[in-house]
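To start, the structure itself, in structure tokens.
The values are calculated or read from the model by the stated rules, or taken from the named source; none is laboratory data. Worth saying up front: this structure is predicted, and the values here are computed from it rather than measured. Note: ideal-geometry Cβ built from the backbone for every residue, glycine included; neighbour counts use all protein chains shown. In case anyone asks, the SASA skips ligands and DNA or RNA and just uses the protein heavy atoms, side chains included. Shrake-Rupley method; radii C 1.70, N 1.55, O 1.52, S 1.80 Å.
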Amino acid sequence: MPTSARTMIEVPLLDLKAQYAGLRDELEPVVKEVIESQWFIGGPNVTQLEEDIAEYCTTSRAVGCASGSDAIQLALQAADVNPGDIVVCPTYTFFSTAGSISRIGAIPLLVDVDPATYNMDPKSLDVALSKAPQGRVKAIMPVHLFGQCCDMDSIMGLAADQGISVIEDAAQALGSEDVHGRRAGSMSVAGCFSFFPSKNLGGFGDGGVMTFQDPEMASRAARLRNHGMEPKYYHHEVGCNSRLDALQAAVLRVKMRHLDSWTEGRRENARFYDDCICEAGGLSSDVSLGETSKLPIRYPLPASGASRHIYNQYIIRVPAGHRDMIRARLSEARIGTEVYYPLALHQQECYRDLDLFELNLSAAERASRETIAIPIYPDLTQAQKEHVMDTLLSIVSSL
Ligand SMILES: *Cc1c(COP(=O)(O)O)cnc(C)c1O
């Protein structure tokens, strides 16, 4: 394709309008149906979605709620995490992971990530558990970041040794599988998911869901999301108002029918990018940027074993000192990018006074300086993908 035609191509980081255009005929009738019914809270759409999610995640129950952040908070409460308890989570994640721990009065203990996958580093977790005061750590919350499952064998092993619960922040990982083919949200006592519009399964607003294997814990979460109430006007404990709207559930049920084909699209796009970067001389993210004289760009470490990366984000690494320039040049070529996340949580102002137990958090800090998310959504055309790779690789080759 001639350069002049290429420069006309626009590639936003995410294009929800393209998705909606293909779904309009399926979505409008179900939205109208909810409006006609005037049943907006709970009801058959919510119940059915919960059943579908439980089955999809291979768990015994799923409980809808108002957001992914609330899912984390409610799951922690249902697992009996109380004010003053310590909950271990990675320092490189969306703020909500730790924010939701803090909101219930518990204390996040932030650990480092594996530089190849950006997920909780079990070695750092091990050090943290040995430094934390005896008996204070009540739960561990790994995050399946960017759609790739954590090393759950190591994490669950460390937790079991000390009798600590594990709860998965799977907000970016619906349908993701670990090396044994186990689904995100099914490997611990609870999984927390978000239906924020930019997630792989996104609603028309906020929404979330929790998955559980234990029916009693699920019932407690279901009660907590509705003021701890059961039956009506009888309150067992103080909960909150965090229900999933019928409108969101109706939309999500339609979209869920397409989730696996969207995931396949994301995975195919990722393979295309991996191959292009590899052929140009880039390496995978298990080799740090300084380590070789190869092209200074890293693609996400491909999944091992039976694992299934769902690529909520496709994350490349570039030299920190060139990142802003690379993003600016991509933006000039009308290619959208984002930095997830420019600061690790221990670097955030609101966590300045947090006890970091003198842990080494350098892999997270390096990731926050070197990573860029590039467009990976399933509706990308071949021309768009080629435009992204041609532009990116030509910028990086001239470094
Ligand atoms: C999106 C997200 C959340 C929070 O979800 P909301 O629905 O926006 O509240 C929590 N954790 C991670 C890792 C996320 O990406």
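Numbers at a glance
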read-out: Other-chain or far-sequence residues with amide H under 5 Å of ASP245's (modelled H); value: none
read-out: DSSP-defined beta bridges in region 19-256 - what % are antiparallel, rounded to 5; value: 50 percent
read-out: Cα centroid separation, region 40-55 to region 308-323 (Å); value: 34 Å
read-out: Placed amide H near ILE140: partners under 5 Å, 5+ positions off or other chain; value: VAL88, SER165, VAL166, ILE167
read-out: Sequence-distant aspartates and glutamates (8 or more away, or on other chains) whose Cα lies within less than 19 Å of LYS385; value: GLU10, ASP15, GLU264, GLU268, ASP274, ASP275, GLU279, GLU332, GLU338
read-out: Relative contact order %, region 19-256, counting alpha carbon pairs below 8 Å whose residues are six or more apart; value: 26 percent
read-out: Extent along principal axes [Cα atoms of region 214-295; Å; largest to smallest]; value: 67, 32, 21
read-out: Along each principal axis, Cα extent of region 101-190, largest first, Å; value: 35, 26, 22
read-out: Protection proxy ranking, peptides 365-377, 112-124, average beta carbon neighbours within 10 Å, highest first; value: 112-124, 365-377
read-out: Partner lysines for LYS123 [C-alpha distance under 27 Å; skip if fewer than 8 residues away on the same chain]; value: LYS131, LYS138
read-out: In sequence order, calculated HN-Hα J values of region 93-104 (Karplus, 6.51, -1.76, 1.60; Hz; x Gly/Pro); value: 6, 5, 3, 4, 3, 7, x, 6, 5, 5, 4, 8
read-out: In sequence order, calculated HN-Hα J values of region 60-68 (Karplus, 6.51, -1.76, 1.60; Hz; x Gly/Pro); value: 7, 8, 10, 10, x, 7, 7, 6, x
read-out: Accessible area per residue, Å², region 122-198 with all protein chains present, probe 1.4 Å; value: 34 Å²
read-out: Distance between modelled label sites at HIS235 and SER293, nm, 7 Å Cα→Cβ extension; value: 7.0 nm
read-out: Lysines whose Cα lies under 16 Å from that of LYS199, excluding same-chain neighbours fewer than 8 positions away; value: LYS17, LYS255
read-out: Rh (Kirkwood; distinct C-alpha pairs) - region 19-256, Å; value: 18.0 Å
read-out: For the chain, radius of gyration divided by Kirkwood radius, i.e. Rg to Rh on alpha-carbons; value: 0.98
read-out: Normalised contact order of the chain, rounded percent, pairs of Cα under 8 Å and 6 or more residues apart; value: 23 percent
read-out: Inter-part distance where region 58-110 and region 208-283 are each reduced to a Cα centre, Å; value: 14 Å
